[in-house]
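First the structure, in the form of C-alpha cells, and then the observations on it.
The values are calculated or read from the model by the stated rules, or taken from the named source; none is laboratory data. The model shown is predicted, which means the values in this text are computed figures rather than measured ones. Cβ coordinates were reconstructed from backbone atoms using ideal geometry, including for glycine residues, and neighbour counts include every protein chain displayed.
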C-alpha cells in the first residue's frame with residue numbers, strides 16, 4: 001500500500017476512535033464527561049466578564065444613546081458610565097458586564113458600530129476591581145489663580161506619598177465677578193490606612209500655602 005495512503009487511513013481511524021470515546025462518555029454520564037462539560041460552562045457563563053468602552057465623538061453628534069442601547073441589546077448590564085465634553089467633542093467611558101457570550105456579542109456590535117458611525121472607539125476586556133479596604137476615601141478640592149504646572153505639582157505630591165487617585169476632574173474658567181482666570185480641581189483619593197492623616201493633611205496644606213492655593217482635604221462620609 002502507498003505509505004501516504006496508509007498514514008491517512010491511520011489518522012482517520014484515530015479520529016473515529018476519539019469520536020466514539022467521546023460519545024460513550026456522554027451516554028454513560030461519566031465523571032470525566034461531566035467535568036469537561038462543567039469546565040466549558042464555567043468558561044463561557046461567568047458573571048464577572050467586563051468590557052470597557054471608550055469613545056470620542058463631536059458633541060453635536062453624541063453617540064451615547066446608541067451605545068447604551070446596544071449594550072442592552074447585547075444582553076449586558078451597564079455597570080458604570082461617564083461622559084464629559086472636552087473642547088468640541090464628547091468623551092464617554094462605559095463599563096459593560098455580562099456572560100462570556102454576551103460580551104463577545106457586544107464586541108462584535110461595537111466594532112460594527114465604530115465603522116458605521118465613524119467613531120473613535122477603543123474597547124478591551126477587564127475584570128471587577130478587588131475591594132481596597134485598606135484605602136480611606138478622601139476628597140481634595142483646590143481653587144487658585146490659573147497658571148501652568150499647578151495640577152502637575154498636586155499629582156506629584158500624591159504620587160510621592162503613594163496615594164491612590166481614584167477620580168480627578170479639573171478645569172480652568174473665568175470668574176464671573178472679576179473676569180480673573182481661575183483653576184479648580186476635585187480629586188478623590190484613596191489614602192492607605194497606615195498613614196497619619198493629620199500629618200499628611202498638614203504637609204499637603206503646606207504645599208498649597210507655598211503654591212498660593214486655596215485647598216481642603218476632607219473624608220468622604222458616605
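Descriptive notes on the structure:
Here is a yes/no grid of residues against (1) assigned to a loop (DSSP other than H, G, I, E, B); (2) in contact with a helix residue (DSSP H, G or I) (Cβ under 8 Å, 6 or more places away or on another chain); (3) surrounded by 16 or more Cβ atoms within 10 Å (Cβ to Cβ):
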| site | (1), (2), (3) |
| --- | --- |
| 82 | no, no, no |
| 91 | no, no, yes |
| 95 | no, no, yes |
| 130 | yes, no, no |
| 143 | no, no, no |
| 151 | no, no, no |
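- For the range 186-219, a tally of residues being free of Cβ contacts under 8 Å to residues at least 24 places away in the same chain and touching a helix residue (DSSP H, G or I) at 6+ places or on another chain (Cβ under 6 Å) returns 0.
For (1) in the same structural domain as residue 75 (by TED's automatic domain parsing); (2) under 29 Å from the mean Cα position of the chain (by Cα); (3) farther than 30 Å from residue 79 by Cβ; (4) surrounded by 15 or more Cβ atoms within 10 Å (Cβ to Cβ), each residue gets a yes or a no:
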{"site": "106", "(1), (2), (3), (4)": "yes, yes, no, yes"}
{"site": "112", "(1), (2), (3), (4)": "yes, yes, no, no"}
{"site": "165", "(1), (2), (3), (4)": "no, yes, no, no"}
{"site": "168", "(1), (2), (3), (4)": "no, yes, no, yes"}
{"site": "191", "(1), (2), (3), (4)": "no, yes, no, yes"}
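- Annotation: of all residues in the range 153-179 being assigned to a strand (DSSP E or B) and touching a helix residue (DSSP H, G or I) at 6+ places or on another chain (Cβ under 9 Å), the one that is farthest from residue 135 (Cα to Cα) is 170.
- Where residue 119 falls short, out of the listed (1) in the same structural domain as residue 58 (by TED's automatic domain parsing); (2) exposed (fewer than 15 other Cβ atoms within 10 Å of the Cβ): (2)
- Scanning the range 44-70 for residues that are more than 20 Å from residue 129 (Cα to Cα) and under 15 Å from the mean Cα position of the chain (by Cα) returns a single hit, 55.
- In the range 156-176, the residues that are free of Cβ contacts under 8 Å to residues at least 12 places away in the same chain and within 23 Å of residue 219 (Cα to Cα): 156, 159, 160
- Test: residue in the range 64-77 that is in contact with a helix residue (DSSP H, G or I) (Cβ under 8 Å, 6 or more places away or on another chain), part of a helix (DSSP H, G or I) and loosely packed, with under 13 Cβ neighbours inside 10 Å: yes
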